[in-house]
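In what follows, a single structure is set out as structure tokens and then discussed.
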Amino acid sequence: MQPDLQPIDQYFARQDEPARSCLLFLRSYILKQDTYLTESLKYGMPFYSYRGKMCCYLWGEKKTRHPYIGIVEGKAMDHPLLVQDKRARMKVLPIDPNQDMPLALLDEVLQR
């Protein structure tokens, strides 16, 4: 681990491939959605806020280690590929790091 990296960059550097590349792509893709989106490390994970309000985060599924985008107010979104499981407020969009990035799906979910 490079000690001169910021904590959020250290999070990404600690991830194993292919999840790391996937997460780094998602990081960049999310931040390009709007100039008002900001990134911070909260609860040990990258969080993205829109005008100061948390909107999504990046994390990995415990068993498969596949990355996902967590949607903070996911309960208000009705999309067949968003998974709620036992979460009361949030839903997640699983991403398979071994497949091509589903750009149309990302746009559909992130623009809501």
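Scanning the stretch 90-106 for residues that are without any contact (Cβ under 8 Å) to a residue 40 or more places away in the chain and either assigned to a loop (DSSP other than H, G, I, E, B) or under 15 Å from CYS55 (Cβ atoms) (or both) yields MET90, LYS91, VAL92, LEU93, ASP96, GLN99, ASP100, PRO102.
Can you tell me which residue within the stretch 90-112, out of those that are buried (at least 20 other Cβ atoms within 10 Å of the Cβ) and not hydrophobic (A, V, I, L, M, F, W, C), is nearest to PHE47 (Cα to Cα)? Among them, the one singled out is LYS91. Looking only at the stretch 27-51, residues that are open to solvent by less than 100 Å² (accessible area, probe 1.4 Å), outside any strand (DSSP E or B), of a type outside the set (Asp, Glu) and farther than 20 Å from LYS63 by Cα come to 6 in all.
Per the conditions (1) more than 22 Å from ASP9 (Cβ to Cβ); (2) within 11 Å of the chain's Cα centre (by Cα), the sole criterion not satisfied by ASP78 is (2). Within the stretch 68-89, does at least one residue satisfy the condition of being within 17 Å of GLU108 (Cα to Cα), assigned to a helix (DSSP H, G or I), free of Cβ contacts under 8 Å to residues at least 40 places away in the same chain and open to solvent by 80 Å² or more (accessible area, probe 1.4 Å)? Within the stretch 68-89, one or more residues are within 17 Å of GLU108 (Cα to Cα), assigned to a helix (DSSP H, G or I), free of Cβ contacts under 8 Å to residues at least 40 places away in the same chain and open to solvent by 80 Å² or more (accessible area, probe 1.4 Å).
The values are calculated or read from the model by the stated rules, or taken from the named source; none is laboratory data. If you're wondering where the values come from, they're calculated on a predicted model, not measured in any experiment. Neighbour counts are summed over all protein chains in view; Cβ atoms, including those assigned to glycine, are modelled from backbone coordinates with ideal geometry. Each accessible area value is taken on the protein alone, full model and side chains, heavy atoms only, with ligands, DNA and RNA left out. Shrake-Rupley method; radii C 1.70, N 1.55, O 1.52, S 1.80 Å.
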